[in-house]
Structure formats: structure tokens, C-alpha cells
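The values are calculated or read from the model by the stated rules, or taken from the named source; none is laboratory data. Bear in mind the structure is a predicted one, so any value in this text is a computation, not a measurement. Every residue, glycine among them, receives a Cβ derived from its backbone with ideal geometry; neighbour counts consider all protein chains shown.
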Amino acid sequence: MMKKRALAKAYARTFYTFFEMDYGLKKKILLRINRFLEKYPGLTIFFDHPRIRLAEKQKMILKIVGLDYTPEIEELLFLLTEKRGLGILPEIIREMETIHRHQHGITPVAIHSAQPLAPSEKETLLRRLTETIGEKFSADFTVQKDLLAGLIILVGDRTLDNSLKKYLRDIRENLLHPRVTQTAGI
């Protein structure tokens with residue numbers, strides 16, 4: 001696991017320098033390719049198989065990339081294919097995003113909700129975060145059904161947990177370990 005992360009970081013640092021000028025476009029292309037590979041997991045087995053010739057794997061890469069072709073994307077995918085490392089593409093994308101945010105002073109914000117948020121709810125939440133944080137940030141929305149209701153918002157290293165799951169956990173904790181408080185005059 002650690003080796004995989006270190007390798008993803010190394011690739012991300014190297015390729016971010018090539019992607020930096022039009023990072024947004026390259027990121028969209030890589031995310032599209034990654035979604036395609038996730039949709040067809042057998043392709044990863046194909047790309048990692050030692051008996052399939054590299055030229056055949058490269059032909060397949062070009063078919064997958066299609067209209068999204070750029071020399072930098074091709075080079076990254078060919079290198080990962082040659083090294084049987086296409087499976088770490090999601091980690092490479094995450095690491096490049098971390099590098100991008102750091103270089104541009106963008107605070108990462110992760111918003112987890114029990115249900116998908118409506119566009120108007122997202123807009124209201126983003127407006128309030130802008131007012132509260134007062135700095136550049138990039139928000140990622142995810143659905144986490146085990147929250148039951150409410151939100152968990154992670155801003156950098158700070159966490160705001162306003163979920164029903166936490167509320168119920170707090171009630172349970174208070175019932176199991178009641179706090180003894182002193183009152184005046186006793």
C-alpha cells in the first residue's frame with residue numbers, strides 16, 4: 001500500500017509539470033479515462049497481463065483515449081501500461097489534485113451528505129462556505145448513506161460533523177457514561 005502511494009506521488013509530481021498549463025482539461029480527460037477503466041475492470045487485467053505484447057496494449061490505450069488524445073496523456077498511459085501500473089491511475093489523479101491545490105493556495109473541502117444535494121442546496125452551501133472560509137477552496141460532494149441525515153464538512157484539517165449518525169452516537173455515549181455536574185449550593 002505504501003509503495004503504491006509513493007509511486008503514485010512520484011508519477012503525479014512528474015506529470016503535473018507537463019499538465020500544469022492546462023491542468024483542468026487534462027484532469028477531465030484523466031477522470032474520463034479512469035471512469036472508463038472502472039466501468040470495464042477486465043481492461044486492467046488485460047493491461048497488466050505479462051503475455052500480451054506492449055504494442056497491443058498501446059493500441060488499446062489509443063482506442064480508449066480516442067478524441068481526448070494529447071501527447072502528455074498518451075505518454076502517461078503508455079508508461080503506466082509498460083510498468084503494469086495502470087491500476088494506480090486514481091491515486092495519481094488524487095496526488096496531482098493535491099499538488100495543484102497546494103500550488104494555487106486552494107483549500108480542499110469535502111462535503112459528505114446522506115442524500116444527494118439538490119443544485120440549489122449545493123449553491124447555498126458553497127455561498128455560506130465562501131462567507132465563512134474567506135479563501136479559495138475546492139469542494140467535492142459525496143453521498144455517504146450511513147450518515148442517515150445531515151452533513152459532514154471537512155475543511156482542510158477541520159471537521160464539522162452535523163450528521164444524525166454523530167447525534168445518535170453522542171446520545172449513546174451520554175447514556176452509557178453520564179457526566180456528573182456540580183450545581184451551586186450542594
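Between a first residue in segment 122-147 that is at positive phi and a second residue that is hydrophobic (A, V, I, L, M, F, W, C), which pairs have beta carbons less than 8 Å apart while being 6 or more apart in sequence or on different chains?
That search, which allows pairs on different chains as well, returns nothing.
How many residues are at pLDDT 80 or above and among the polar types (S, T, N, Q) if we restrict to segment 160-186?
Result for segment 160-186: 1.
Among the helices (runs of 4 or more DSSP H) contained in segment 1-88, which hold 2 or more residues that are farther than 24 Å from His104 by Cβ and aromatic (Phe, Trp, Tyr)?
On the way: elements: 2-19, 23-39, 42-48, 54-65, 71-82.
Because the criterion is at least 2 residues that are farther than 24 Å from His104 by Cβ and aromatic (Phe, Trp, Tyr), the helices (runs of 4 or more DSSP H) in segment 1-88 that meet it are 42-48.
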